[in-house]
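In what follows, a structure is listed as structure tokens, so that the remarks can point back to it.
The values are calculated or read from the model by the stated rules, or taken from the named source; none is laboratory data. Remember, it's a predicted structure, so these values are computed and weren't measured experimentally. Note that each Cβ is placed from the backbone with ideal geometry, even for glycine, and that neighbours are counted across all protein chains shown.
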Amino acid sequence: MKTITVQNVPADVAAALEAERRLRGLSLDRTVLALMHEALGLSSPRRRSNGLRQFAGTWTEDDFRQFEETTASFQAIDEEMWK
């Protein structure tokens with residue numbers, strides 16, 4: 001395998017790479033390699049996460065109950081609006 005060093009990476013690119021690294025949960029090296037594979041058409045692009053994976057499964061029963069109660073009105077149909 002070949003080793004490549006990239007110099008003079010602009011701050012906005014470095015920040016975007018860091019954000020992508022966190023999103024993917026990979027090292028910076030693996031993130032850059034994955035992005036290069038995707039950009040060069042060597043692999044299928046990974047489906048982007050919505051960033052909520054870290055919260056999955058963290059609700060308590062009380063949290064869930066409160067959410068259900070708070071959003072229950074979203075299920076109601078306004079009959080006047082649909083005439």
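The table below gives the values:
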read-out	value
Cross-chain or 6+ apart pairs with Cβ under 6 Å, segment 22-41 first and farther than 13 Å from residue 4 by Cα and surrounded by 14 or more Cβ atoms within 10 Å (Cβ to Cβ), then small (Gly, Ala, Ser) and at pLDDT below 95	23/49; 37/43
Residue 83 vs. criteria at pLDDT below 90, outside any helix (DSSP H, G or I) and among the basic types (Lys, Arg)	yes
Per-region count, segment 5-22, residues of a type outside the set (Gly, Ala, Ser), assigned to a helix (DSSP H, G or I) and more than 19 Å from residue 39 (Cβ to Cβ)	1
